[in-house]
Amino acid sequence: MNQNSIEVKTESKVLFVDMDSYFARCEQQANYWLRHRPVGVCVYTGKYGCVISLSKEAKARGLKAGMRLNDAMAVCPDLVPVESNPARYREYHTKIINVLLQYSKDVVAKSIDEAIINLTNYDYLDPVTIAKKIKRDILEKVGDWLTCSVGIAPNAFLAKLGSVRGKKLDGLLLITPQNIDDILRPLKLGDMPGIGGNMSYRLERAGINTPLQMRYAGPDKLKAIFKGIEGIYWHYRLNFIETNIAAHDYRGMQAMRQISAEKRQHITYIDQLFMTLCLTLEKRMVKHKFYCKSVAFTARYEDGTRWDDAFTITTPVQDAISIMRMIRVRIDKFEQLTQTGPVMTTEITSMRVGVTNFVNNGNMLYSLFEDMDRKETAFKTMHEIKDKFGSDKLIRAVEMTDGQVVKDVIGFGSVKDLTDLDYKTMG
């Protein structure tokens, strides 16, 4: 579903729903004892585990997402660390999307805790009234601890800005062509979603110091600053043209994880994580019936260096074993050629596996000796069994490391392994 257009929108008919402290709130929803307590959700709860989501009580203590658990506990000794539960977050996400679908069929899940509802084709609906009903329905039908902020604007970017700025305004902010300048005027460049330090520096060097100045800079100037079409897209976003309502076009998929000092003490964990990333991509491609023809791998190290590789293959692949083997072969050749030591070491601080250049099963050149339909059906069935009965109920040999099954993981913000079929209408 792609609803982007260069038409200037004058009516505020796009809603952006942003769940508050989503992972932490899901844990507080499921466990009454955690409510009103400072909660930190971690990928794992070891000393150097990374805190990926904080309850509002923890944020009030000055904690920030991304802190190491030991640092967070030093600031807030009564912090309650909770290990992440991906299946729980997906379950609540699906229920939330079903609530939104009751008001519009034009719903796009942008991440695990964000979604866009486009009411452009629903002239009889008042966006503010719908936003209030959505906030109420999530509390009543999904969970009484799951609150959200809703921004309303002529396009999705400004609606997202409204959801961010509206968190201090009872969780609801309407942006219109009439009030847009007043909303942008007090903001700094870094207050806008998608504007980081490097982008702010580039704009400031060109004499643009505020979002309001950016809005009136004009497309040609922004194109020159950004050295490409991205500058024109920023002009569109700030001037009521839609660029952000598109479901996943899947130009590429990637799986990436940070590795704490505690975890990377053992090379077996590095190997297990590498396998987990490849399995994650396999699951996504199987669900969408994609095969990739390009693979990429990146490892970053303690000293700030990195090892990158990307390659294209003749026969498209979908399974984790093939991806792992190809990357391993490339690593082995590099090590033999350069004699610089191993790529996979305990000094790796982050790892990324990416796949792109997709074809679907209807556009592939099948291998002469493989029954691809049967192979694809087997993979799909296996992942369906895992999803329904648990990842430990059906295990391939590749998924075993010293007798332990690879844990389910979810990247913050990721809904790439969910499809429209997961959003079944609620009874």
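The values are calculated or read from the model by the stated rules, or taken from the named source; none is laboratory data. Just so it is clear, the structure is predicted and the values come from calculations on it, not from any experiment. Note: ideal-geometry Cβ built from the backbone for every residue, glycine included; neighbour counts use all protein chains shown. Ligands, DNA and RNA are excluded from the accessible area calculation, which covers all protein heavy atoms including side chains. Shrake-Rupley method; radii C 1.70, N 1.55, O 1.52, S 1.80 Å.
Worth a mention:
- The number of Lys pairs in segment 12-131 with C-alpha atoms less than 20 Å apart, excluding pairs fewer than 8 positions apart on the same chain, is 7.
- Protein accessible area in segment 223-361, 1.4 Å probe - carbon and sulfur %: 50
- Where labels lie 7 Å past Cα in the beta-carbon direction, separation of residue 321 and residue 70 in nm: 4.0
- Net charge contributed by nearby residues that have their C-beta within less than 14 Å of residue 68 (K/R +1, D/E -1): +2
- Residues whose amide H falls under 5 Å from that of residue 49, counting only those 5 or more places apart or on a different chain, are 69, 70, with hydrogens built in the peptide plane.
- Using 0.36 nm per residue and subtracting the Cα-Cα separation, the extra length available between residue 129 and residue 102 on full extension is 8.3 nm.
- Contour minus Cα-Cα distance for residue 349 and residue 91 (0.36 nm per residue): 89.8 nm
- Peptides 75-87, 274-286 ranked from most to least packed by the mean count of surrounding Cβ atoms within 10 Å: 274-286, 75-87.
- Evaluated with a Cβ-only charge set (Lys, Arg +1; Asp, Glu -1), segment 154-294 carries a dipole of roughly 300 debye about its Cα centre, given to the nearest 20.
- Computed from the C-beta positions of residue 122 and residue 35, the FRET efficiency with R₀ = 30 Å rounds to 0.25.
- The distance between label points at residue 311 and residue 251 comes to 2.5 nm (points 7 Å beyond Cα on the Cα→Cβ vector).
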